[in-house]
Amino acid sequence: MKKYSLNILLVVFAIGLLFAAHFRIIDSYIQIVFMTIGINIMMSTSLNLVNGNMGEFTCGHAAFMCIGAYISSILSVFCFGSKFGDPLLPAASVLIVFPIIVLIGGAVAAVSSLLVSVPSFKTRDDYLAIISIAVNYMIISAIENMDFIGGSRGFQGMKDTVWAMIDIFDGPWMLFWVINFTIFTVWVIRRFISSTYGKGVNAICQDEVAAEIMSVNTNKIKIINFMVAAGLAGCAGGLYSHIIGYVNPQSFNILKSTEALVMVYLGGMGSLSGAVISAIIFTGLLEVLRSQAIIDGLLSPVTMMFPDWEPSAGVIKWVMIPLLLVIVMQFRPEGIMGNRELGDVFPKLKKFYRFK
Amino acid sequence: MMAQSQVQTENAPVLEVNSLSQRFGGLTAVDNFNVKLMSGELTGLIGPNGAGKTTVFNLVSGFYQPTEGQILVDGKPTAGFKPHKVTSLGVARTFQNIRLWNDMTVFDNIRVAQHYWLGYGFFHSVIRSKRYKKREAKVAQEAQELLEVFDLQRFKEELPKNLPYGTQRKLEIARALSTHPKLLLLDEPAAGLNSHDVKDLIRLIRWIHEKFDVSIWMIEHHMDVVMELCSHIKVIDFGQTIAEGTPDEIRNHPAVITAYLGDDNI
Ligand SMILES: Nc1ncnc2c1ncn2[C@@H]1O[C@H](COP(=O)(O)OP(=O)(O)O)[C@@H](O)[C@H]1O
Ligand SMILES: [Mg+2]
């Protein structure tokens, strides 16, 4: 029983959170913060599979989030919205269909990862980084030029799906889904990467030639690993689009990819728990920096010298994130956790969880 | 434990290489190389530095596709096969410069090298199916047995980079054997070892040759190792075969003496 205590704690926390949200103990802003944390955990842990465990360097992870977001949004509007004519499905089926829609978005994102994984057979490092950025741009531009889904104006109508859920039961549904998918993500990654099959990914990272010679089908493992990472990012995108109720291609540009990168390098490459922790810290930090009062306070020495300058929170965010990365790379290049897991740092913790 | 059926390997050569050539740009690293290795043989491949020995191994293990010629493993042509495919046909190798996965435990090193017969994929690993559990147990058991017979049990949870050099060599050989090879290619296994470790290595290779049903083909610079272990030796220089025969024949072969003139190793 003891070895499950962390899992039980997690479940209790999740249920507590849902109750608190349902009875309006926490307001919708706090709920959004928690949902953003969940989505960021999905993004950082999935990118960590590629950039951490496999040691490739890709910086276009948001492309897959984008594909997942658009595919599931379109499906969602077709099934439950009125934008493309009458809804295809009865509103009562939404609770079963919605997670499937999110998973389909993830599946399409997974397939699209071939755009990066196939070139990765032959290229590595800087070259693959460039390819991944190119793919990020390609996908955004492609969607911007698809007028039937709104093009650069964006796409909306997914709130109908959320309303359909609320009609069945008036609860914090999106929070519920985000919690479930976040746990699902960490669970899938944890199991994959701790199996002998998944350790092939680490073997590729440490010595690809030796991996191939020692019977690891490196190309196949690369494809699978990219697919898992992109698929989970796609699911994150599907959830994100339903939380906001609106998607725009530019929400998934290189800046979004950079956020995911920062979280991975902040947490420590190849450390799953590091990716989770850094996603929480990172989201918290961003929320703090979003407050104009705090920004004004932080920058008061500067603004005293340049009274004409009025720093806005949106701009400062993009000074702070890269700065954070520079500081981490300078003083702790291995990230918060290095490539260790929480259980390695605090061996006593191992008694309290069995997250496999 | 590692016993494999000796039935079909009895007559077909484990490895047959016909008129193999490899050119890198203008350089002919391997020129019209032929060899036939029978089951259970322990053969040597020697030659001065840059003679093309490692290139022969790279060709046989599928790391390079040959410019010309044919390679048959157990009678099957390997043209177009990626290295992992060649390995699953029964060719394992070690590297001149040790290439272990240094941030993975010794145990994991040996388990991951069993990918070729894992027998489950991504979905099984996630749902932890019955098949997954059965196969993982089998792989762990193989790895465990290998660690025990190689006397590496006490390093099970260590990282290879923290082990002494000689132990790393031993581990690399154990890892190669975990792929259940019919043919084991050893690329300069004694390189970098002190004379005490070299004696251990000779004993180890002889022991592997007896205990595991595997043919061994080794490249080695230490002549004493080759002369003591191999029943048959091939000598190449500038990619061309200049001599072959028993250790005694090779020792006194004029072409070999010329090729090695000035080389301290002979
Ligand atoms: N990938 C390669 N590209 C170009 N030249 C190579 C390559 N691999 C080996 N060579 C050349 O082929 C020759 C044989 O090398 P090698 O097989 O490593 O020799 P050795 O007998 O010492 O193991 C050398 O001249 C080496 O420089
Ligand atoms: Mg060599």
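The values are calculated or read from the model by the stated rules, or taken from the named source; none is laboratory data. Remember, predicted model here, so these are calculated numbers, not experimental data. For neighbour counting, all protein chains shown are included, and Cβ atoms are generated from backbone atoms with ideal geometry for every residue, glycine included. Remember, those area values only see protein heavy atoms, side chains included, never the ligands or the DNA or RNA. Shrake-Rupley method; radii C 1.70, N 1.55, O 1.52, S 1.80 Å.
Percentage of Cα-Cα pair distances in chain A greater than 38 Å, rounded to whole percent? When all Cα pairs of chain A are counted, 18 percent exceed 38 Å. So which residues of region A:192-226 lose at least 50 Å² of accessible area, probe 1.4 Å, when you go from the chain by itself to every protein chain present? For region A:192-226, once contacts with the other chains are taken into account, A:THR196, A:TYR197, A:LYS199, A:GLN206, A:ASP207, A:VAL209, A:GLU212, A:ILE213, A:MET214, A:SER215 lose 50 Å² or more.
Overall, the ratio between the Cα radius of gyration of region B:191-263 and 2.2 N^0.38 Å, rounded to two decimals, is 1.19. In this structure, the amide hydrogen of B:ARG93, modeled 1.01 Å from its nitrogen in the peptide plane, lies closer than 5 angstrom to those of B:LEU185, counting only residues at least 5 positions away or on a different chain. Identify which of B:SER129, B:SER178, B:SER215 has the largest mean-square fluctuation in a Gaussian network model of chain B, with springs joining Cα atoms closer than 10 Å. Most flexible of the set in this elastic network: B:SER129.
Of chain B, which part is the longest with no trypsin sites (Lys or Arg not before Pro) in a loop (DSSP not H, G, I, E, B) and with at most 15 other C-beta atoms within 10 angstrom? Kindly include the intermediate steps, with their values, before the conclusion.
Working: sites that count: B:ARG128, B:LYS156.
Result, exposed sites excluded: B:1-127.
Near the amide H of B:THR241, within less than 5 Å, lie no amide hydrogens of residues on another chain or at least 5 residues away, with H placed in the peptide plane. At the listed q of 0.07 Å⁻¹, the Debye profile of the protein assembly as shown, built from one uniform point per Cα, gives log10 I(q)/I(0) equal to -0.55.
To the nearest 500 deg cm²/dmol, what mean residue ellipticity at 222 nm is calculated for chain A from DSSP H runs of n ≥ 4 alone, each contributing -39,500 (n - 2.57), summed and divided by the residues? Result for chain A, helices only: -22500 deg cm²/dmol.
Here the Gaussian network model covers chain A, with springs between Cα atoms less than 10 Å apart; of A:PHE252, A:PHE34, A:PHE23, A:PHE23 fluctuates the most. Per-residue 3J(HN,Hα) values for region A:244-254, derived from phi via the Karplus relation 6.51 cos²θ - 1.76 cosθ + 1.60 with θ = phi - 60°, read 6, x, 7, 10, 9, x, 5, 6, 10, 7, 4 Hz in sequence order (x marks Gly and Pro).
Surface listing: B:ASP248, A:ASP160 arranged by accessible area from highest to lowest gives B:ASP248, A:ASP160, probe 1.4 Å.
So what is the relative contact order for region A:5-351, in percent, with contacts set as C-alpha pairs under 8 Å and at least six apart? With pairs under 8 Å counted, the relative contact order is 29 percent.
The residues neighbouring B:ARG206, those whose beta-carbon lies less than 12 Å from its own, together hold a net charge of 0 under the Lys/Arg +1, Asp/Glu -1 convention. For region A:5-351, the share of accessible area belonging to carbon and sulfur comes to 71 percent (1.4 Å probe, ligands and nucleic acids excluded). Farthest toward the positive end of the dipole of chain A, out of A:MET337, A:ILE25, A:LEU103, is the Cα of A:MET337, where the dipole comes from beta carbon charges about the Cα centre.
Please report the antiparallel percentage of DSSP beta bridges with both residues in chain B, rounded to the nearest 5. So the antiparallel bridges in chain B amount to around 55 percent. Local charge for A:GLY245 was computed over the other residues whose Cβ lies under 14 Å away, with Lys and Arg +1 and Asp and Glu -1, and equals +1. Based on protein heavy atoms only, the protein assembly as shown ends up with 44 Å² per residue of surface accessible to a 1.4 Å probe. Between amide H atoms placed 1.01 Å from N, distances below 5 Å from B:VAL30 occur with B:GLN22, all of them 5 or more places distant or on a separate chain. Please tell me which of these pairs span more than 29 angstrom C-alpha to C-alpha: A:LYS122/B:LYS170; A:LYS199/B:LYS134; B:LYS182/B:LYS234? With Cα atoms farther than 29 Å apart: A:LYS122/B:LYS170. Using R0 = 22 Å, the C-beta based FRET efficiency linking A:ILE168 and A:LEU10 works out to 0.25. Placing pseudo-labels 7 Å out from each Cα toward the beta carbon at A:LYS83 and A:THR123 gives an inter-label distance of 3.3 nm. Just in region A:93-196: which chymotrypsin sites (Phe, Trp or Tyr not before Pro) are loop by DSSP and have at most 13 other Cβ atoms within 10 Å? Filter output for region A:93-196: A:PHE169. If a spin label sat at a point 7 angstrom from the Cα of A:GLU287 along the line to its beta carbon, the backbone N atoms of region A:149-181 nearer than 20 Å would be those of A:172-181. When the listed pairs A:LYS256/A:LYS350; A:LYS348/B:LYS138; A:LYS348/B:LYS133; B:LYS133/B:LYS156 are checked against a 23 Å cut-off, the alpha-carbon distance exceeds it for A:LYS256/A:LYS350; A:LYS348/B:LYS138; A:LYS348/B:LYS133. Residue-wise HN-Hα couplings along region B:92-100, as the Karplus relation 6.51 cos²θ - 1.76 cosθ + 1.60 with θ = phi - 60° gives them from phi, are 10, 8, 10, 10, 4, 9, 3, 10, 8 Hz; Gly and Pro carry x. Couplings for region A:199-214, taken from phi via the Karplus curve 6.51 cos²θ - 1.76 cosθ + 1.60 with θ = phi - 60°, read 5, x, 5, 5, 4, 4, 4, 7, 6, 5, 4, 4, 4, 4, 5, 8 Hz in order; Gly and Pro are left as x.
Between B:LEU37, B:LEU185, B:LEU193, the Gaussian network model of chain B with springs among Cα atoms under 10 angstrom shows the greatest mean-square fluctuation at B:LEU193.
In region B:89-111, comparing the full protein assembly with the chain on its own, the residues that lose 40 Å² or more of accessible surface at a 1.4 Å probe are B:PHE95, B:ARG99, B:TRP101, B:ASP103, B:MET104.
DSSP bridge analysis restricted to the protein assembly as shown gives an antiparallel fraction near 55%, rounded to the nearest 5.
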